[in-house]
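The values are calculated or read from the model by the stated rules, or taken from the named source; none is laboratory data. Computed from a prediction, not measured in an experiment: that's the story for all the values here. Cβ atoms come from the backbone with ideal geometry, glycine included; neighbour counts cover every protein chain shown. Remember, those area values only see protein heavy atoms, side chains included, never the ligands or the DNA or RNA. Shrake-Rupley method; radii C 1.70, N 1.55, O 1.52, S 1.80 Å.
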Amino acid sequence: MATENLIDCLNPQQREALLHTEGPLLILAGAGSGKTRVITHKYAYLTQKKKLKPSNLFTVTFTNKAAEEMKHRICSLTSSELKECWIGTFHAQCNRILRKEIKVLGYKPEFVIYDEGDQQSLIRHILRELNIYEALYKGVASRISNLKASMITPERFISSGDGYGFDEKLAKVYMRYQDELKRCNALDFDDLIMLTVKVFEEFPEILERYQERFQYILVDEFQDTNYAQYMLVKLLASGHKNISVVGDDDQSIYRFRGAEVRNIQRFEKDFPELRIVKLEQNYRSTQNILDVSGSVISANPVRKKKSLWTDKGKGEKVHFYWLPTEDDEAKYIAKLIRDIYLKGKHSFGDIAILYRINLQSRAIEEALRRERIPYRIVGGISFYERKEIKDIISYLRLVVNPHDNVSLRRIINTPSRGIGAATLNKIEQESKRKGISLFDAIISICNGKSSTQSVVDRLKGLVDLLREFSALKKESTPEIITHIIEKTGYAEGLSEERLQNIAELMASSEGSSVKDFLDRVSLVTRLDENLPDNMVSLMTLHTAKGLEFPIVFIVGLEEGLMPYFKAFDSEEELCEERRLLYVGMTRAKEMLFLSGARKRRIFSKLQEQEPSRFLADVPRSCCRWIEKAFCRHEKVEKATGNGKKPVSIKIPYKTGCRVRHPKWGVGVVRDCYGEGDDMKVCVNFPGVGIKRLALKFANLERI
């Protein structure tokens, strides 16, 4: 595409962002405002007009899928192949750097990369070894990940005293975990970033080499960077300062993973000469959807103000449904989806149902099955987390690195070769006593005289097998997998589905060396999963980031779910919950449905729910509010000429509904009792307290 065409197809703000090529630039890109178009066009402009080579542009985004889409678009714009390009995720880019430079930190370039499952497996092993409650492994893994995201090493954590939420047991596990990783010549995802920054900080000559290579830095989804990722791009750009970052503070929703929305403020402080460009024209949603989502997010006190607009017209009003129970909510949604589908304009694949926590999917799945609506859970168990796939990948890792303890533990008796728990414990003790890998410990036991001949024979058989596999490392990956399966008898007794999964793994490895293939599969995340064809997509609000659908349902808009109850004590957490809802709302292109239920079973307990506080910020003019079972009826004993008899009394306000009082503002109904002119209502007004009011004088407005 000619340079003029690259510029002409952009709106004025996008054009301004593209043409600013000298010095730092912050592009505040609202939801659906065409940020990917800006990044790809800017990349093409820099290579065509400014004559930069693809190898001179360091471009990072957050998913492999986004990186591949970016490459495809750039190739279409430039009508040329991208050779020697640096477009990828933070982890993929750092992996490329560390493969060349990690020697200076005492690692070998053939390191393996542990995914989340491998990390948790190792931490569980360490907790058992230190006699710490093993069930804590997920929380411990999360804490260690967050420490690394903040560039806090075990040594710094231990020396911090009470800083960084110091915990003595955690410090022991963290130190042991890092020692074990280094012994195995392994890195986890967070190490890829942290160790790259460490190389750059401790070896200035290496940093200078990469600063000279990367003459321009492009960063996508900047609001989701953690401190380590921010330090990486800051170091690379600190010389020439030619860096463009694209982000939206309103869409920062990964705080629990270490993401810091404050990086936008850090960027402004560290690069005071930067220019800010706002992208506010939305190309995705209708104006009603933008007005509703904009009103919700504008209640966050600290944010970069943006006013999104579109030329797509007002569109349908946003629908809100308040139903008696979660089952009623699910049934109603399933019926709406069936009606939408039968109209013929939309397929099931055009529809997404979003929720705050996975527990909410149960009732929805049952309702969809009853209506015979095809669906799929997005972000569940991924292909690479299946047992048979993890097993084969563990064998492949041992081909490259026989000292990978996590992989060896996984396959040492898979399939069964008579190496039981007692033998494994002996191997572990030998490894710990001599400070060597499990593989070397097995060899040591085989050369010693402390084990029975039958045990030694089994262990020698395993060593010979792994050495045989390792000798094949230069063969094609499918050939290695075939050899592993044949020699181990792994396929015997497997179901047809599991065999097909292994066949799919072999097909995906075609044309890759075993090292390259392991790098590729190790860097895959759940966010790279492909969406199903013509099936309703069910997923959490976090998983929905970066996606879009013609029709979106957001369920469970209740206090305790949205916002989540764990956020109640923190203003920062509540702001993130509001951003999460905003992200969900802005996934919708044509129609947005919101819903909640008065009663919901949460953690096996049936609870009375109140509508989400975020609903108070939704403008009524853009919405259609529908409350099923609007009134409730209570039976009371009433005196008659023949004594007392039960009669049904209509109660206009049910427990949990929200009302507005002319003096005290918005409150939540706690109780409604009495009849006729004597009817009373009990309302809890935040900041005021509980008020008991005569209904006929209260002048309440239902909201």
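Structure data summary
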{"read-out": "Electrostatic dipole magnitude of the stretch 1-106 [Cβ: Lys, Arg +1; Asp, Glu -1; Cα centre; debye, to 20]", "value": "320 debye"}
{"read-out": "Portion, in percent, of the accessible area of the chain that falls on carbon or sulfur, probe 1.4 Å", "value": "49 percent"}
{"read-out": "Largest-first principal axis extents, alpha carbons of the stretch 107-196, Å", "value": "36, 26, 18"}
{"read-out": "Relative packing of peptides 688-700, 571-583 - highest average C-beta neighbours within 10 Å first", "value": "571-583, 688-700"}
{"read-out": "Additional length obtainable on full extension of the chain from S450 to F203, 0.36 nm per residue less Cα span", "value": "84.2 nm"}
{"read-out": "Kirkwood Rh, Cα atoms: Rg over Rh of the stretch 287-442", "value": "1.23"}
{"read-out": "Which listed pairs, of K83/K589; K172/K269; K589/K654; K42/K83, have C-alpha distances above 29 Å, in listed order", "value": "K83/K589; K172/K269; K589/K654"}
{"read-out": "Probe 1.4 Å, protein heavy atoms only - accessible area per residue of the chain in square angstrom", "value": "45 Å²"}
{"read-out": "The stretch 206-295 - convex hull of alpha carbons, volume per residue in Å³", "value": "118 Å³"}
{"read-out": "q = 0.12, 0.26 Å⁻¹, the stretch 245-320: log10 I(q)/I(0) [Debye, one scatterer per Cα]", "value": "-0.44, -1.27"}
{"read-out": "Nonlocal amide H pairs with D671, under 5 Å, H built at 1.01 Å", "value": "C682"}
{"read-out": "Phi to ³J(HN,Hα) by Karplus 6.51 cos²θ - 1.76 cosθ + 1.60 over the stretch 224-234, Hz, x for Gly, Pro", "value": "9, 6, 8, 5, 4, 5, 4, 4, 4, 6, 5"}
{"read-out": "Directionally averaged shadow of the stretch 180-258, computed from the convex hull of its alpha-carbon atoms, nm²", "value": "6.2 nm²"}
{"read-out": "Accessible area (Å², 1.4 Å probe, nearest 10) - F166", "value": "70 Å²"}
{"read-out": "Which of S285, S416 is most accessible, then next, and so on - probe 1.4 Å", "value": "S416, S285"}
{"read-out": "Options Q215, V292, G511, ranked by Cα towards positive dipole end of the chain, top entry (Cβ charges)", "value": "V292"}
{"read-out": "Alpha carbon convex hull of the stretch 45-189, volume per residue in cubic angstrom", "value": "139 Å³"}
{"read-out": "Rounded tilt (10° steps) of 287-297 against the dominant C-alpha axis of the chain", "value": "80 degrees"}
{"read-out": "Descending semi-axes in whole angstrom, ellipsoid equivalent of the chain, from the Cα gyration tensor", "value": "50, 35, 25"}
{"read-out": "Mean separation of Cα contacts under 8 Å, 6 or more apart, over the residue count of the chain: relative contact order %", "value": "15 percent"}
{"read-out": "Nearest-ten-degree value, helix 137-149 long axis tilted from longest Cα axis of the chain", "value": "80 degrees"}
{"read-out": "Ranking by accessible area, most exposed first, for S76, S55 with a 1.4 Å probe", "value": "S76, S55"}
{"read-out": "Rg(Cα)/(2.2 N^0.38 Å) for the stretch 391-449, N = residue count", "value": "1.08"}
{"read-out": "Area accessible to solvent at V666, 1.4 Å probe radius, in Å²", "value": "40 Å²"}
{"read-out": "Accessible-area ranking of Y133, Y375, Y45, largest first, probe 1.4 Å", "value": "Y133, Y375, Y45"}
{"read-out": "Cα-Cα P(r), the stretch 421-487, percent of pairs per 5 Å interval", "value": "3, 16, 24, 18, 14, 13, 9, 2"}
{"read-out": "Calculated P(r) tail over 18 Å for the stretch 660-703, as whole % of Cα pairs", "value": "18 percent"}
{"read-out": "Approximate spin-label separation K335-S298, in nm, with each point projected 7 Å along Cα-to-Cβ", "value": "3.5 nm"}
{"read-out": "Gap separating the Cα centres of the stretch 386-444 and the stretch 40-106, nearest whole Å", "value": "37 Å"}
{"read-out": "Relative contact order, percent, the stretch 341-430 [alpha-carbon distance under 8 Å, six or more residues apart]", "value": "13 percent"}
{"read-out": "Debye log10 I(q)/I(0) at q = 0.14, 0.16, 0.20, 0.25 Å⁻¹ for the stretch 283-378, Cα point scatterers", "value": "-0.71, -0.88, -1.12, -1.28"}
{"read-out": "Over the stretch 376-504, volume per residue of the alpha carbon convex hull, in Å³", "value": "128 Å³"}
{"read-out": "Nearest-20 debye value, the chain charge dipole, Cβ charges on Lys, Arg, Asp, Glu", "value": "1620 debye"}
{"read-out": "Those lysines that a straight Cα-Cα span of less than 25 Å connects to K487, excepting residues fewer than 8 apart in one chain", "value": "K387, K390, K460, K473, K474, K515"}
{"read-out": "The chain: calculated mean residue ellipticity at 222 nm from DSSP helix runs of at least 4, using -39500 (n - 2.57)", "value": "-13000 deg cm²/dmol"}
{"read-out": "Packing-based order for 551-557, 118-124, 262-268, using average beta carbon neighbours within 10 Å, highest first", "value": "551-557, 118-124, 262-268"}
{"read-out": "Nearest-10 value in Å² for the accessible area of T153, using the 1.4 Å probe", "value": "40 Å²"}
